[in-house]
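Notes for the one structure printed next.
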Amino acid sequence: MEWQFGPYVVQGLIARGGMGEIHRALDSRHQRTVALKLIAERHAEDAEFRRRFQREAQATARLRDPHVIPIHSYGEIDGRLYLDMRLVDGTDLATHLASYGPLDPDRAVGLLEQVAHALDAAHADGLVHRDVKPSNVLVGSTGFAYLVDFGIAYAASTGTAATSTGITVGTLAYMAPERFGEGPAEPSSDVYSLTCLFYECLTGRKPFQREATVAMISAHLHDDPPRPGTTAPHLGSAFDAVIARGMAKDPAHRFDSAGDLAREAVEALYATPTEPRTTTVRQSEERPDRKSRGRFVRAALATLGVLAVAGAATAWALSPGDDGQATSSRPVVSVPGATMAADLGVSVPMSTPVCNDSYAVVVGAAFEANTVQRLLDEFPGTGYLHVPSTPCGASAKTSPSGKAIYSVYFGPFADAASACDQLAAAREKADDAYVKKLSATGLPAVIACD
């Protein structure tokens with residue numbers, strides 16, 4: 001049953017948690033469907049919570065990283081605090097893991113990279129998440145991941161995290177040891193939590209399986225980090241050192257950043273071949289064999305489902321001209337292990353960029369020719385690319401239904417400033433557009449513009 005909340009027509013409940021409820025709603029001011037988070041009424045009565053909520057929501061709204069779910073607006077209506085966010089067509093990672101079990105290692109690493117990219121952007125802006133866990137990672141239908149709820153859990157804290165209202169064992173399962181003391185949360189605390197999340201993606205289990213709150217806290221404070229290779233023997237020992245460092249009791253002994261954690265996970269992925277898993281977990285995509293995938297090195301892992309620029313090996317390569325715009329040059333050499341695709345026959349030919357550290361602005365993704373054409377028409381001057389056959393694109397090659405992913409993009413541009421200028425214009429129509437660096441080395445490759 002629909003009901004009115006200020007300018008929002010609330011259409012139905014999406015999820016309910018300790019902090020409040022998330023509803024699907026129509027924003028009548030902008031005629032768009034959004035995810036409307038209504039904070040539990042008991043929190044609105046707390047003046048300190050209200051102050052912290054406003055501060056954290058304002059800080060999060062400033063972030064422009066593509067893996068941070070955009071906040072359209074926030075505030076208070078009729079005494080109820082709310083957040084107006086982009087509605088993501090997908091599910092949270094916790095639900096996915098509960099339904100399908102652990103991810104294959106390359107998918108787990110790809111998802112780790114996306115969340116790490118969001119955290120590094122937040123940390124660079126002085127914002128600590130404080131509640132990194134699977135239920136706060138939304139995975140869209142294409143595999144693109146968003147990190148949500150920056151700082152909202154912290155806003156409810158009036159003392160240590162362990163005694164705060166609304167903190168549950170589910171959240172405690174990912175909390176760094178120092179969070180149970182008097183010290184403030186730091187980026188290293190998020191690195192610990194992200195490592196816990198990564199462990200669960202690999203094994204399907206939380207790092208410490210404890211039923212009681214006291215036992216869970218004690219495990220984080222005193223127990224050695226678990227070894228994923230012991231919990232899931234098919235993984236071998238490649239990830240054991242990554243988890244051990246990421247979950248070090250002393251923050252100074254952890255990775256310096258979330259991105260460093262992700263890079264070490266990439267190295268571990270190819271350090272030791274893993275045995276096939278013998279479970280019946282459903283898989284959403286087929287991947288080339290490990291030997292072929294290894295030729296992509298780091299760039300082929302850029303992010304799980306990042307709909308980055310890509311292209312067909314039989315199309316014409318693009319290289320930046322003097323003005324930073326794309327110019328046709330030479331045929332592209334085929335990419336080992338890539339899946340080839342025919343030109344879709346739309347108004348512009350299919351293309352692929354060179355991994356030469358130029359930049360592209362991705363405005364959308366599609367699986368069918370008619371959707372590609374619609375995007376090309378909506379964004380004059382764009383081209384389109386075939387993700388599976390790029391050497392500097394994403395690790396996710398297909399949609400859950402098995403259809404190949406195509407990306408529509410502006411560029412390439414010779415420098416980041418030119419790409420960011422184009423991004424600003426593109427976001428007038430597509431607020432999830434982002435800049436991608438076309439590099440065969442170095443991660444992450446998604447660029448945050450000021």
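A few points about this structure:
- Selection from region 39-53 of residues that are in a helix (DSSP H, G or I) and either in contact with a Pro (Cβ under 9 Å, 6 or more places away or on another chain) or charged (D, E, K, R) (or both): Glu41, Arg42, Glu48, Arg50, Arg51, Arg52
- The listed residues are Val242, Val191, and the only one of them that is in contact with a Gly (Cβ under 7 Å, 6 or more places away or on another chain), under 19 Å from Ala262 (Cβ atoms), in a helix (DSSP H, G or I) and modelled with pLDDT of 90 or more turns out to be Val191.
- Any chance Ala232 is farther than 17 Å from Glu113 by Cβ, in the same structural domain as Ala176 (by TED's automatic domain parsing) and modelled with pLDDT under 95: yes
- Here region 338-350 is the region considered, the condition is being crowded, with 17+ Cβ neighbours inside 10 Å and at pLDDT below 85, and the residue that is nearest to Ala404 (Cα to Cα) is Ala341.
Here's the yes/no breakdown for (1) in contact with an Asp or Glu (Cβ under 7 Å, 6 or more places away or on another chain); (2) more than 15 Å from Asp106 (Cα to Cα); (3) loosely packed, with under 15 Cβ neighbours inside 10 Å; (4) at pLDDT below 95:
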{"position": "Gln209", "(1), (2), (3), (4)": "no, yes, yes, yes"}
{"position": "Pro273", "(1), (2), (3), (4)": "no, no, yes, yes"}
{"position": "Glu286", "(1), (2), (3), (4)": "no, no, yes, yes"}
{"position": "Ala300", "(1), (2), (3), (4)": "no, no, no, yes"}
{"position": "Ser319", "(1), (2), (3), (4)": "no, yes, no, yes"}
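- Residue check, His23 crowded, with 18+ Cβ neighbours inside 10 Å, outside the structural domain of Asp260 (by TED's automatic domain parsing), touching a residue at least 60 places away in the same chain (Cβ under 8 Å) and farther than 28 Å from Ala448 by Cβ: no
- Residues of region 54-100 satisfying the condition of being surrounded by fewer than 15 Cβ atoms within 10 Å (Cβ to Cβ) and assigned to a helix (DSSP H, G or I): Arg55, Gln58, Arg62, Ala98, Ser99
- Matching residues in region 77-92 - criterion: being touching a strand residue (DSSP E or B) at 6+ places or on another chain (Cβ under 7 Å) and of a type in the set (Asp, Glu): Asp84, Asp89, Asp92
The values are calculated or read from the model by the stated rules, or taken from the named source; none is laboratory data. In this text, all values refer to a predicted model and were calculated from it rather than measured experimentally. Positions of Cβ are backbone-derived with ideal geometry, glycine not excepted, and every protein chain shown enters the neighbour counts.
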